[in-house]
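Here is the structure we will look at, set down as structure tokens.
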Amino acid sequence: MRVIAKGRKQNGWSIEKICTGYGNGLGGCGARLLVEQGDIYETNSSHQGETDYCRTFKCPECGVETDFKDGEVPGSIWDKTRKW
């Protein structure tokens, strides 16, 4: 195999996402982003005594947070983002 054009160095897992504000009142700007492992952090929401934990990223363009849907981030990545 040959490299036709060099790419950038890969820093762990990444995924292409659109800034939507999903899980945070919507209002995202629609920017197309390459979200890398280090950009993901945990947020939580409590309702009626139950707490939901989410994997979240913050858009560098508009500052809106967008949650990942269940299953979008591999479990091994999720374990590395948990802070407790």
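Values computed for the structure shown
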| item | result |
| --- | --- |
| Neighbours by Cβ (under 6 Å, 6+ apart or cross-chain): first from region 1-28, over 13 Å from Ile40 (Cα atoms); second of a type in the set (Ser, Thr, Tyr) and assigned to a loop (DSSP other than H, G, I, E, B) | Gly28/Thr20 |
| Tally of residues being of a type outside the set (A, V, I, L, M, F, W, C), surrounded by 10 or more Cβ atoms within 10 Å (Cβ to Cβ) and closer than 23 Å to Gln10 by Cβ across region 43-78 | 8 |
| Unmet requirement for Gly28, which otherwise passes all of (1) surrounded by 14 or more Cβ atoms within 10 Å (Cβ to Cβ); (2) under 13 Å from the mean Cα position of the chain (by Cα) | (2) |
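Each reported figure results from applying straightforward, stated rules to the coordinates on display, with no laboratory input. Predicted, not measured: the structure shown is a model, and the values here were computed from it. Ideal geometry is used to build each Cβ from the backbone, glycine not excepted, and the neighbour counts take in all protein chains shown.
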